[in-house]
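These notes are about the structure you will find just below.
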Amino acid sequence: MKRNSVILFIAVVFGALATILITSYSSATKQYIASLQNRTQSSVAGAVTLRDTVSVRVTGGEELSYTFRPEESLTALDALRLAATDSGVVLETKEYDFGVLVEKIGSLANGTADGYWIFYVNGEQAAVGVGQYTVRSGDRIEFVFEKLDN
């Protein structure tokens with residue numbers, strides 16, 4: 001009986017810790033996105049030309065288009081998160097050893113109908129991951145849901 005009580009106590013402690021960690025992570029992610037939006041919105045206040053902006057476009061599934069003036073340290077993943085958050089579109093990513101992979105945008109997830117999200121920069125398939133590419137003024141970032149050729 002005493003052993004069961006110890007196991008129950010340990011389970012409750014781990015459950016409480018997991019809840020705290022998940023809540024903290026979710027809150028930190030929301031704060032990070034809000035800070036990106038605030039920095040981007042404040043920098044857009046001045047006159048902006050097309051070459052001073054970055055455009056993010058998602059095609060396939062829910063279409064979305066988003067243009068903003070970039071900060072130096074924004075990655076393509078940050079830009080996609082801003083676009084998805086501002087548009088109310090669901091975005092799911094997964095961290096791997098090699099970097100972050102976009103798993104789902106809107107209702108389309110990788111593997112659905114033999115399609116996958118492909119990341120393009122200025123019309124060319126990106127040579128680096130979405131989390132490694134730092135956006136520059138004038139960039140056209142695009143995520144296209146494409147079927148794989150078999």
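The values are calculated or read from the model by the stated rules, or taken from the named source; none is laboratory data. Remember, predicted model here, so these are calculated numbers, not experimental data. Every residue, glycine among them, receives a Cβ derived from its backbone with ideal geometry; neighbour counts consider all protein chains shown.
Here are a few things to note about the model shown:
- Residue in region 109-119 that is in contact with a strand residue (DSSP E or B) (Cβ under 6 Å, 6 or more places away or on another chain), of a type in the set (Ser, Thr, Tyr), in a helix (DSSP H, G or I) and at pLDDT 75 or above present: no
- Filter result (outside any strand (DSSP E or B) and crowded, with 16+ Cβ neighbours inside 10 Å) within region 85-95: 85, 86, 87, 89
- Output for region 96-150, where each listed residue is of a type in the set (Val, Ile, Thr) and buried (at least 18 other Cβ atoms within 10 Å of the Cβ): 102, 105, 121, 130, 135, 141
- Counted residues, region 106-116 - those being within 14 Å of the chain's Cα centre (by Cα) and more than 16 Å from residue 65 (Cα to Cα): 1
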